[in-house]
Amino acid sequence: MSSKPSQPSPGSAFGAALGQALGITGADGRPIGRPSGRAPDQLRALKLEPGFARHAEGSCLVRMGVTEVLCTASVEGRVPGFMRGKGMGWVTAEYGMLPRATHTRGEREAARGKQSGRTQEIQRLIGRSLRAVTDRAAMGEMTVTLDCDVLTADGGTRCAAITGAWVALHLAFQHCRKANIMARDPLVDQVAAVSCGIHGGVPVLDLDYAEDSGADTDGNFVMTGKGGIVEVQATAEGAPFSEAELTGLLGLARKGVAELFAAQRAAVGL
């Protein structure tokens with residue numbers, strides 16, 4: 001006899017509750033299933049390739065499922081005007097999508113002469129996330145720019161960019177230390193990000209585009225290795241979500257970033 005529980009009838013309150021407890025049905029009593037076939041708490045296939053760009057002081061190609069983002073770290077011996085004379089460094093980021101990162105060609109923002117609001121918001125998020133785990137006094141007056149270029153987009157590009165940018169930044173600081181440019185490592189912690197949402201009434205981890213485009217609730221969680229939260233972006237695409245549901249998504253995110261932290265450490269040899 002199969003040990004797999006049979007699907008309860010959604011016609012009764014007990015059957016609906018049992019189905020949800022077993023992870024067989026959603027809140028509406030319908031059978032659940034992710035388009036990718038993954039378990040609700042399962043990340044997409046993850047691969048971090050450090051040192052991917054030949055000339056950058058630090059780089060990482062991050063693959064999360066079909067999504068691919070190239071992150072490079074460039075070091076300059078100067079800081080922006082508002083940082084001059086403070087004896088501290090600056091970490092910033094730029095983000096962009098190649099024209100054929102999606103199913104149809106998108107116009108280059110450079111051709112339009114300005115960045116979209118989405119692009120500006122994402123690159124500010126990446127910069128904030130990396131600065132949250134950097135002791136900028138240990139950098140001296142230098143700037144590290146993280147360029148995050150989306151090669152293929154299938155959901156979660158900003159999260160993948162943050163995760164890969166940490167690897168690139170770690171390698172850039174490692175390069176500076178080997179060159180005796182800085183005495184100690186400015187990175188004080190890891191940072192990574194993952195998306196979580198409610199799809200078909202079920203909380204799920206690491207949404208791909210098929211889920212993201214039809215999610216009831218969509219969120220991005222940026223966390224540090226020591227358990228701190230840098231930023232939470234959560235939006236109800238339909239009905240409002242509850243505090244309990246947000247707490248559940250936070251728990252899923254913690255599980256996901258723990259796996260991302262392990263992959264980051266392996267990528268940089270920690």
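Figures for the structure shown
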{"quantity": "Residues whose placed amide H lies under 5 Å from that of V230, excluding near-sequence neighbours", "calculated": "V222, M223, T224"}
{"quantity": "Farthest positive-ward along the range 98-161 dipole, Cα basis, beta-carbon charges - from S129, G106, A160", "calculated": "G106"}
{"quantity": "Charge tally in the Cβ shell below 12 Å around T145, where Lys, Arg are +1 and Asp, Glu are -1, T145 excluded", "calculated": "-3"}
{"quantity": "Given K47/K86; K47/K114; K47/K255; K47/K226; K86/K255, the pairs whose alpha carbons are separated by over 29 Å", "calculated": "K47/K86; K47/K114; K86/K255"}
{"quantity": "Dipole in debye (nearest 20) - the chain, about Cα centre, beta carbon charges: Lys, Arg +1; Asp, Glu -1", "calculated": "720 debye"}
{"quantity": "For V188, distant residues with modelled amide H under 5 Å away", "calculated": "T134, D135"}
{"quantity": "Dipole magnitude (debye, nearest 20) for the range 31-134, charges at Cβ of Lys, Arg, Asp, Glu", "calculated": "180 debye"}
{"quantity": "Of all accessible heavy-atom area on the chain, the percent that carbon and sulfur account for (1.4 Å)", "calculated": "52 percent"}
{"quantity": "E68, E107, E259, ranked by accessible area, largest first (probe 1.4 Å)", "calculated": "E107, E259, E68"}
{"quantity": "Fraction of the pair-distance distribution of the range 55-213 above 21 Å, Cα-Cα pairs, percent", "calculated": "48 percent"}
{"quantity": "Rule-of-thumb Rg ratio for the range 164-237 [Cα; 2.2 N^0.38 Å; N residues]", "calculated": "1.51"}
{"quantity": "Ordering of 158-165, 136-143 by packing [mean C-beta count within 10 Å, highest first]", "calculated": "158-165, 136-143"}
{"quantity": "For the range 38-111 and the range 129-145, distance of Cα centres in Å", "calculated": "16 Å"}
{"quantity": "Residues of the chain: accessible area per residue with a 1.4 Å probe, Å²", "calculated": "49 Å²"}
{"quantity": "Theoretical FRET efficiency, 1/(1+(r/R0)^6), r = Cβ-Cβ of D135 and A258, R0 22 Å, to 0.05", "calculated": "0.40"}
{"quantity": "GNM flexibility winner over the chain from R105, R34, R177 (Cα, springs under 10 Å)", "calculated": "R105"}
{"quantity": "Structure-based [θ]222 nm, the chain - -39500 (n - 2.57) summed over DSSP H runs of at least 4, per residue, nearest 500", "calculated": "-9500 deg cm²/dmol"}
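The values are calculated or read from the model by the stated rules, or taken from the named source; none is laboratory data. Worth saying up front: this structure is predicted, and the values here are computed from it rather than measured. Don't worry about glycine lacking a Cβ; one is built from the backbone with ideal geometry, like all the others, and counts go over all protein chains shown. What goes into the accessible areas is simple: the full protein's heavy atoms, side chains included, and nothing from ligands, DNA or RNA. Shrake-Rupley method; radii C 1.70, N 1.55, O 1.52, S 1.80 Å.
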